[in-house]
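Student: Structure incoming, see below.
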Amino acid sequence: MIRMNLHFELDYLVNDGHASLLLNVQPSTTAHQQVGDERVEMTPGATWHERGVPGTMNRLLSVKAPAGRFHLTYQAAVTGRPLIESTALLMETEVSSLPEEVLPYLMPSRYCESDRLLNFAEATFGALPAGYERVLAVRDWVRKKLRYGSAGSTTRTSAVETLTDRVGVCRDFAHVMIALCRALSIPARYVTGTDYASKPMDFHAYVEVWLGERWYIFDPSGLGIPMGYLRIGTGRDAADVAFAMLFGDVSSEFAPLVQVTPVQGPGLVLPHHVEGALSTA
């Protein structure tokens, strides 16, 4: 079992009194992740309530902010009990046998144009034995072929564009892996979370792939320790899980402050790399 204390701060300049913000910064609650001791503080005058997103575990803070500077502080204690399984028996699931809620993650999406990568994916990975090892081969290919860097990558960059430029950030690495898996008829989805191992600490994007009867974590960027990723948002791609959606005349001058502190104590372990398949869904 792992436990992390979270501390986030967001700052925005609201230039009119009619702006709204949807903030996706609260960790999700799942069978393997529990959230407690939550504390939300906002600029005086701001009003907010929590909203869910149907069909997902995502939690949104819906905010009506007054004109002027807006500041949010969010704190929570998150306990994770990740499931670690042997990879030997994890097989791909026939499309006809997939649960209904998994089917949307087979389809092309805004940033994961899997329909444009069918021939490429088949030529590159089609001959490999189906199952966990093939998905691992996709992850390793993305990690090897792409260079990590922000040059040329924007919030509008898609998987096909990243494959052309061969450079991107964690968001782009995730989009490429998701698109390639879907092109192989393997459901894959985009997850946002935190990575306490990164310097400086930041939000992080990674991938979950459906194998057997559940979702398993894969991180094509290779930047962090997957056991330490705390799930915030889950979606088809980054368009579904932006940490901030701004409506009206709102601007930001500062990057988010992200602090993740692992807790040590009886029954607790620090996040570490494992050989098995990891699941927190």
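The values are calculated or read from the model by the stated rules, or taken from the named source; none is laboratory data. Note that the coordinates shown come from a computational prediction; the quantities given were computed from them, not determined experimentally. Ideal geometry is used to build each Cβ from the backbone, glycine not excepted, and the neighbour counts take in all protein chains shown. Accessible surface areas use protein heavy atoms only, side chains included; no ligands, DNA or RNA. Shrake-Rupley method; radii C 1.70, N 1.55, O 1.52, S 1.80 Å.
Per-residue answers, yes or no, for (1) within 16 Å of residue 136 (Cα to Cα); (2) in a strand (DSSP E or B); (3) touching a residue at least 24 places away in the same chain (Cβ under 8 Å):
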residue: 204; (1), (2), (3): no, yes, yes
residue: 215; (1), (2), (3): yes, yes, yes
residue: 221; (1), (2), (3): yes, no, yes
residue: 231; (1), (2), (3): no, yes, yes
residue: 234; (1), (2), (3): no, yes, yes
residue: 239; (1), (2), (3): no, no, yes
residue: 245; (1), (2), (3): no, yes, yes
residue: 253; (1), (2), (3): no, no, yes
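Student: Could you please give the count of residues in the stretch 174-206 that are open to solvent by less than 20 Å² (accessible area, probe 1.4 Å) and closer than 19 Å to residue 262 by Cβ?
Tutor: Adding up the residues that qualify gives 5.
Student: A further question on this structure: Taking the condition of being over 26 Å from the mean Cα position of the chain (by Cα), touching a residue at least 12 places away in the same chain (Cβ under 8 Å) and loosely packed, with under 14 Cβ neighbours inside 10 Å, how many residues in the stretch 12-54 meet it?
Tutor: Adding up the residues that qualify gives 6.
Student: Scan the stretch 243-274 for residues that are on the phi > 0 side of the Ramachandran plot and surrounded by fewer than 11 Cβ atoms within 10 Å (Cβ to Cβ) and jot them down. Spell out the reasoning first.
Tutor: Start the filter on the stretch 243-274 by keeping residues that are on the phi > 0 side of the Ramachandran plot, which leaves 248, 265, 267.
Passing the criteria: 265, 267.
Student: Now, a different point. For residues that are assigned to a strand (DSSP E or B), over 12 Å from residue 25 (Cβ atoms) and either open to solvent by 20 Å² or more (accessible area, probe 1.4 Å) or among the polar types (S, T, N, Q) (or both), tally how many sit in the stretch 56-76. If you could, list the steps in order and put the result at the bottom.
Tutor: Restricting attention to the stretch 56-76, the residues satisfying the condition of being assigned to a strand (DSSP E or B) are 59-64, 68-76.
Then keep just the ones that are over 12 Å from residue 25 (Cβ atoms); that gives 62, 64, 68-71.
Within this subset, residues satisfying the condition of being either open to solvent by 20 Å² or more (accessible area, probe 1.4 Å) or among the polar types (S, T, N, Q) (or both) are 62, 64, 68-69, 71.
Residues meeting the conditions: 5.
Student: Just to verify a result, which residue in the stretch 236-275, among those that are among the charged types (D, E, K, R) and over 17 Å from the mean Cα position of the chain (by Cα), is modelled with the highest pLDDT? Give the steps one after another, and end with the answer.
Tutor: Of the stretch 236-275, the ones among the charged types (D, E, K, R) are 236-237, 240, 249, 253, 275.
This time we only want the ones that are over 17 Å from the mean Cα position of the chain (by Cα), so: 249, 253, 275.
Details: 249: 95, 253: 82, 275: 91.
Among residues in the stretch 236-275 that are among the charged types (D, E, K, R) and over 17 Å from the mean Cα position of the chain (by Cα), the one modelled with the highest pLDDT is 249.
Student: Can you pull out every residue in the stretch 207-242 that is surrounded by fewer than 18 Cβ atoms within 10 Å (Cβ to Cβ), within 28 Å of residue 65 (Cα to Cα) and out of contact with any Lys or Arg (no Cβ under 7 Å at 6 or more places or on another chain)?
Tutor: Once the filter is applied, which keeps residues that are surrounded by fewer than 18 Cβ atoms within 10 Å (Cβ to Cβ), within 28 Å of residue 65 (Cα to Cα) and out of contact with any Lys or Arg (no Cβ under 7 Å at 6 or more places or on another chain), the stretch 207-242 yields only 242.
Every residue, every condition in (1) of a type in the set (S, T, N, Q); (2) open to solvent by 80 Å² or more (accessible area, probe 1.4 Å); (3) assigned to a loop (DSSP other than H, G, I, E, B), yes or no:
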site: 121; (1), (2), (3): no, no, no
site: 128; (1), (2), (3): no, no, yes
site: 135; (1), (2), (3): no, no, no
site: 142; (1), (2), (3): no, no, no
site: 155; (1), (2), (3): yes, yes, yes
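Student: Can you list residue pairs whose Cβ atoms sit under 7 Å apart, with the first residue in the stretch 256-267 being more than 12 Å from residue 4 (Cα to Cα) and the second being of a type in the set (Asp, Glu) and in a strand (DSSP E or B)? Count only pairs 6 or more apart in sequence or on different chains.
Tutor: 256/9; 257/9; 258/202
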